[in-house]
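The values are calculated or read from the model by the stated rules, or taken from the named source; none is laboratory data. All of these numbers come straight from a predicted model, not from anything done at the bench. Heads up, the Cβs are rebuilt from the backbone with ideal geometry, glycines too, and the neighbour counts pull from every protein chain shown. With ligands, DNA and RNA removed, areas are computed over all heavy atoms of the protein, side chains included. Shrake-Rupley method; radii C 1.70, N 1.55, O 1.52, S 1.80 Å.
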Amino acid sequence: MTAENPMIGIVNRRACSAATIVKARLCERRLSQLALSVVALLGAVQVAVADGADAELAKALSNLSPTVVSNEKRASAGGDLRARLNAANDESRAAWQTIHSRKDWDEFRAARVRNLRRGLGHLPNAPKGVRTLVTGTIEADGYAIETLVYESRPGGWVTANLYRPAKPAAALPGIILSHSHHAPKHEGELQDMGATWARAGCYVLVPDHIGHGERAQHGFRSSADYPREFRLSRQDYYFRYDSSIQLNLIGESLMGYMAWDLMRGVDVLLAQNGIDKDRIILLGGVAGGGDPCAVSAALDERIACAVPFNFGGPQPETRYPLPDDADSWFNYAGGGSWESTRNLAFSARPGKTFLPWEIVAAIAPRRLVYGHEFAWDREQDPVWRRLERVWELHDARLNLAFTHGRGQLTGASPEASHCNNIGAIHRARIHESFASWFGIRATEFSQRQSAGDLAAMTPAATERLKPRVLHELLAARADESLAAARLDRDGMSAAEARQRLRSQIAELLGDFAAAPVRIVAVDSTSLDIAGTTIFVERVRLKTERDLIMPLIVLHRMLRAGDHNAAVIGLSQSGKAGFFKRRPEDVAQLLRAGCIVCLPDVRDTGETAADESHGQFSASTERAASSLMVGDPLVAQQLRDARTVLTYLRGRDDVDRSRIAVWGASFARANAPETNLRVPRRVEGRPVDAEPLGGMLALLLALYDEDIAAVCVDRGLAEFSGALDRPFVYVPLESVVPGLLVHADLTDFTTALAPRPLMMCRLIDAQNRALELPAMSRIYEKTMSAYGRARACENLVITVDASAATWLVDQLN
């Protein structure tokens, strides 16, 4: 340790003997400069070395079955989430039954639009004007195309094409096309619509959604951009997952971002010469274009007409024809998936819903064309019946129309009307409605341009505007927000700052109170190893809504009246991970007389949906569904962990003052030289981080001051690193929406001072092992906090040490 780099409390086992580590005592020095230095060394702490009896015990533990609950007795967390989504359907259905007048509807609508605005997360203040730059013009047959960019938010530019009549007249309608996830603004059907309506006397704006076309974040422009085979045309779509996670971390949403861009597109249209402000129309293509179309129209009443496809009612995947009891059968809320614009976070929150049909209905009494890509069961569609009633309440039934295709999703063209955005078969009825409502009389026309010719962000424009990519914009906002939050807490006492942090995180998590402890069953067996008996208790706890949480409690023979130290182990892999990857540490804890409690909190171990926690996993679907009902999966897992803590404190053999928590990750770390610029949905992608164990350990201690010690083993150092690049290696299930507005994991550790805390083998947001200098920079404020508390010896940061050795030292 040098004066230039005083790595306070940081130890490196590799610099010590094979069987020891040195724990450095810290003290305060020059606190006015927040500088600390080492003043003394404690005696050596033994590292866990499994030999003899310990080795035999570790081997036995590694072979121990982690199973507690048989499949037939296991209450499904996925089924529980489905039930909660169904409850949102029931709530919305019951509320609909109370609407008998225009007044009733206006109150219902106002609440849903208010809920929608809140659910979308942070939205900037609307600008007085939108900066726009035309970068080129294409003269065509009876119309022209302007390639342009407009600034949706500072530094964030939207690439777009503006189709306009060759000879603009006065009072022209303005149309915006919200493209699908299939292809961006240069897609053929979009070009056909732009040309057709421009020749009919309209302005037609076709922007790229964030992450698509010229606004793609991943950088894969051709098959030559990656050495192995991958689906180039789907990367814009797949990387919505990465962008959504990044936006969630700073309290925004991908849907909110898209809708904001479209609303700024309305500003662009209204700035055109001769535009008719009362004839602004927004169309949303199939497969993800209709969703932001409907949301934007619900929020922005300048939009006179909306044409959202495949949103609000039956989907292409929905049974056709619908059953006779469709009103009670239909799933109005939808369900979670990795694609967040399909399942809006918080949309099914109890008492605060904004379900898709409610969003579409909120457009009333303005004009609506209810669009379906394939055949549509008009007679049985319960949403259509509701829409008709809403428009009738406004005495505006003539403002409601529909269009649909033929066949079904599983069929092939031409029998099934597959399209990329809005096909000719769908446009036929749209033309009829537009002619009736707006006097737009269009004749289909096609004169397609190349994608290169339609590119808007030219090299000259890039040089002039210096646009920033999404992760840069979000990182800057996160830095600003975190700096402000930390400055606010820095002006408080340690206790006040800790309470402020708790309140801020509690607002993000919602309910995380422990469930009442209900023991369903305890099955006890024993292991006799080298003269030592280890008792294995397989415990089933019943938590909220009768979900079963399995855990295994291990301990040596206990004398009556003994009160022993206990360690709770938390990991994404659950108890099986500790048996497979840390049997030596578990053995050492048991040999030292500790009770070891290994639970499978929600969606870990036995309760996990599947072994994968990646983009396309069932676990990600659960995480998305959890966000839909306003209950982040992390909050559910924290409730489970707190229930386990309550259970332990209720045992006669546990010393309540000596309970520690050990949060671990067993994911293989990516090598420092790993190529992180990898397409989605290819084999051999870098491994995602597993932040859950360490994060839960810190949260558990943050909200419970009686936790004696905390060890984070191979945990994530900070979530803000997920904003360093477009490629995200942090799973959705570990994301708390809005976290980086208030805090990062380093703020949790700072708030724990002066309690014993060990941070061991930390990884970055790309799941790469951090070296000591990086860890010291990240945890500078934590080290300072321990110094101010005169508890330097209680903080240990290391790249290689035994969690068990440290835990035993703290608990004894």
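Annotations for the structure displayed:
- Checking each residue in the stretch 570-606 for being open to solvent by 20 Å² or more (accessible area, probe 1.4 Å) and either farther than 24 Å from Asp800 by Cα or small (Gly, Ala, Ser) (or both) picks out Ser573, Ala576, Ala592, Gly593, Gly605, Glu606.
- Residue within the stretch 734-743 that is more than 23 Å from Ala667 (Cα to Cα), assigned to a helix (DSSP H, G or I) and either free of Cβ contacts under 8 Å to residues at least 60 places away in the same chain or not hydrophobic (A, V, I, L, M, F, W, C) (or both) present: yes
- Of all the residues in the stretch 685-706, those that are farther than 20 Å from Val735 by Cβ and touching a residue at least 60 places away in the same chain (Cβ under 8 Å) number 1.
- One residue alone among Leu487, Leu465, Leu409 is farther than 30 Å from Met628 by Cβ, open to solvent by 60 Å² or more (accessible area, probe 1.4 Å) and either in contact with a Pro (Cβ under 8 Å, 6 or more places away or on another chain) or modelled with pLDDT of 95 or more (or both), and that residue is Leu487.
- Across the stretch 622-637, a minimum of one residue is classified as closer than 19 Å to Tyr238 by Cα and open to solvent by less than 10 Å² (accessible area, probe 1.4 Å).
- Restricting the search to helices (runs of 4 or more DSSP H) fully inside the stretch 569-646 and requiring at least 1 residues that are under 17 Å from the mean Cα position of the chain (by Cα) and touching a residue at least 24 places away in the same chain (Cβ under 8 Å) gives 618-628.
- Within the stretch 90-108, the set of residues being assigned to a helix (DSSP H, G or I) and open to solvent by 40 Å² or more (accessible area, probe 1.4 Å) comprises Asp90, Glu91, Ala94, Gln97, Arg102, Lys103, Asp104, Asp106, Glu107.
- Yes/no for Asp655 being assigned to a strand (DSSP E or B), open to solvent by 10 Å² or more (accessible area, probe 1.4 Å) and among the acidic types (Asp, Glu): yes
- Considering the stretch 337-382, the residues that are part of a loop (DSSP other than H, G, I, E, B) and among the β-branched types (Val, Ile, Thr) include one that is farthest from the chain's Cα centre (by Cα), namely Ile363.
- Extreme residue, nearest to Ala803 (Cα to Cα), among residues of the stretch 525-567 that are among the charged types (D, E, K, R) and open to solvent by 50 Å² or more (accessible area, probe 1.4 Å): Arg556
- Single residue of Asp208, Asp242, Asp278, Asp267 found to be in contact with a helix residue (DSSP H, G or I) (Cβ under 6 Å, 6 or more places away or on another chain) and among the acidic types (Asp, Glu): Asp208
- Residues located in the stretch 165-206, provided they are under 24 Å from Ala294 (Cβ atoms), among the aliphatic types (A, V, I, L, M) and surrounded by 24 or more Cβ atoms within 10 Å (Cβ to Cβ): Ile175, Ile176, Leu177, Leu190, Met193, Val204, Leu205, Val206
- Just one residue in the set Met775, Met758 is open to solvent by less than 10 Å² (accessible area, probe 1.4 Å), modelled with pLDDT under 95, closer than 29 Å to Ser503 by Cα and not β-branched (Val, Ile, Thr); that residue is Met775.
- Boolean, Val728 is part of a strand (DSSP E or B), hydrophobic (A, V, I, L, M, F, W, C) and surrounded by 24 or more Cβ atoms within 10 Å (Cβ to Cβ): no
- Scan of the stretch 92-107 for residues that are hydroxyl-bearing (Ser, Thr, Tyr) and within 13 Å of Glu392 (Cα to Cα), ordered by number: Ser101
- When the stretch 446-503 is filtered for residues that are part of a loop (DSSP other than H, G, I, E, B), of a type outside the set (Ser, Thr, Tyr) and closer than 30 Å to Gly188 by Cβ, the ones remaining, listed by number, are Gln447, Arg448, Gln449, Ala451, Gly452, Asp453, Leu454, Ala455, Ala456, Met457, Pro467, Val469.
- Residue, least open to solvent (accessible area, probe 1.4 Å), within the stretch 429-445, restricted to residues that are part of a loop (DSSP other than H, G, I, E, B), out of contact with any Cys (no Cβ under 7 Å at 6 or more places or on another chain) and among the hydrophobic types (A, V, I, L, M, F, W, C): Ala442
- Residue check for Thr782: open to solvent by 30 Å² or more (accessible area, probe 1.4 Å), hydroxyl-bearing (Ser, Thr, Tyr) and either more than 24 Å from Leu470 (Cβ to Cβ) or touching a residue at least 40 places away in the same chain (Cβ under 8 Å) (or both): no
- No other residue among Ala348, Ala364, Ala375 is surrounded by fewer than 24 Cβ atoms within 10 Å (Cβ to Cβ) and touching a helix residue (DSSP H, G or I) at 6+ places or on another chain (Cβ under 7 Å) apart from Ala364.
- Count of residues meeting criterion [part of a helix (DSSP H, G or I) and surrounded by 17 or more Cβ atoms within 10 Å (Cβ to Cβ)] in the stretch 301-336: 2
- Look at the stretch 448-467: where a residue is more than 13 Å from Arg215 (Cβ to Cβ) and among the small types (Gly, Ala, Ser) and a partner is part of a loop (DSSP other than H, G, I, E, B) and open to solvent by 60 Å² or more (accessible area, probe 1.4 Å), sitting 6+ places away or on another chain with Cβ atoms under 6 Å, you get Ala451/His186.
- Lone qualifier among Arg228, Arg240, Arg221 - being touching a residue at least 60 places away in the same chain (Cβ under 8 Å), surrounded by fewer than 24 Cβ atoms within 10 Å (Cβ to Cβ) and either hydroxyl-bearing (Ser, Thr, Tyr) or out of contact with any Cys (no Cβ under 7 Å at 6 or more places or on another chain) (or both): Arg228
- Candidate set: the stretch 394-406, residues that are among the aliphatic types (A, V, I, L, M) and not in a loop (DSSP other than H, G, I, E, B); chosen: the one most open to solvent (accessible area, probe 1.4 Å): Leu398
- Being touching a residue at least 24 places away in the same chain (Cβ under 8 Å), at positive phi and not in a helix (DSSP H, G or I) is true of Arg790.
- Output for the stretch 131-150, where each listed residue is buried (at least 19 other Cβ atoms within 10 Å of the Cβ) and farther than 20 Å from Gly188 by Cβ: Thr132, Thr135, Leu148, Val149, Tyr150
- Of the residues making up the stretch 496-544, those that are modelled with pLDDT under 90 and on the phi > 0 side of the Ramachandran plot are Ala530, Gly531.
- Only one of the numbered conditions (1) surrounded by fewer than 24 Cβ atoms within 10 Å (Cβ to Cβ); (2) farther than 17 Å from Trp157 by Cα is violated by Glu214, and that is (2).
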